[in-house]
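Here's the structure we're looking at; comments come further down.
The values are calculated or read from the model by the stated rules, or taken from the named source; none is laboratory data. None of the values given here were measured: they were computed from a predicted structure. Virtual Cβ from ideal backbone geometry, glycine too; neighbours counted across all protein chains shown. Only protein heavy atoms, including side chains, enter the accessible area calculation; ligands, DNA and RNA are left aside. Shrake-Rupley method; radii C 1.70, N 1.55, O 1.52, S 1.80 Å.
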Amino acid sequence: MPAAQFLYLTTTGRASGEPREIEIWFTQRDGRFYVIAEYETANWLQNLRVNPQARWRVGEQTFSGSARLLESGAVRDAIRELSRQKYGWGDGLVVELAPE
């Protein structure tokens, strides 16, 4: 079975309080998942800033946990490189999804 290309991220709408799901590229490292926002104004990123609790699905597995923005550091740089290797793109704001 080929490796999953997409993660399905569900956030809570910051204004509506309703679940919002997106399909997004991801990378995985040390039991955590990472997604990259191309724009700081992305709705899903704004939702996570208000409420960092999220759910996500990769293949047949579903996870819940919290999100945090990695603004700098070696982990952020490593994730950007992993994303470049996997998708040919790794610029943007790196968000770590840590399962509970």
Exercise for the section: Six or more apart or on different chains, Cβ under 9 Å: which pairs go from a residue in segment 37-59 that's within 21 Å of R84 (Cβ to Cβ) to one that's open to solvent by 80 Å² or more (accessible area, probe 1.4 Å) and among the aromatic types (F, W, Y)? Could you list them? Expected result: L45/Y39
Fill in the blank from the handout: Taking first residues from segment 2-31 that are surrounded by 15 or more Cβ atoms within 10 Å (Cβ to Cβ) and second residues anywhere that are among the basic types (K, R) and assigned to a strand (DSSP E or B), the pairs with Cβ under 6 Å that are 6 or more apart or on different chains are Y8/R57; T10/R55; T11/R20; G13/R20
Exercise for the section: Return a yes/no flag: does segment 38-45 have any residue that is open to solvent by 40 Å² or more (accessible area, probe 1.4 Å) and either of a type in the set (A, V, I, L, M) or under 10 Å from the mean Cα position of the chain (by Cα) (or both). Expected result: no
Handout entry: Of the criteria (1) touching a Phe, Trp or Tyr at 6+ places or on another chain (Cβ under 8 Å); (2) touching a residue at least 12 places away in the same chain (Cβ under 8 Å), which one T62 fails
Key = (2)
Fill in the blank from the handout: Per the filter on segment 54-68, residues within 11 Å of L9 (Cα to Cα) and of a type in the set (S, T, N, Q) are T62, S64
Exercise for the section: For T62, state whether it is open to solvent by 30 Å² or more (accessible area, probe 1.4 Å) and over 18 Å from E100 (Cβ atoms). Expected result: no
Problem - segment 83-100 - residue that is in a helix (DSSP H, G or I) and open to solvent by 60 Å² or more (accessible area, probe 1.4 Å) and, of those, nearest to Q28 (Cα to Cα) - result: K86
Completion exercise
Restricted to segment 66-82 and to residues being in a helix (DSSP H, G or I) and of a type in the set (A, V, I, L, M, F, W, C), the residue most open to solvent (accessible area, probe 1.4 Å) is A74
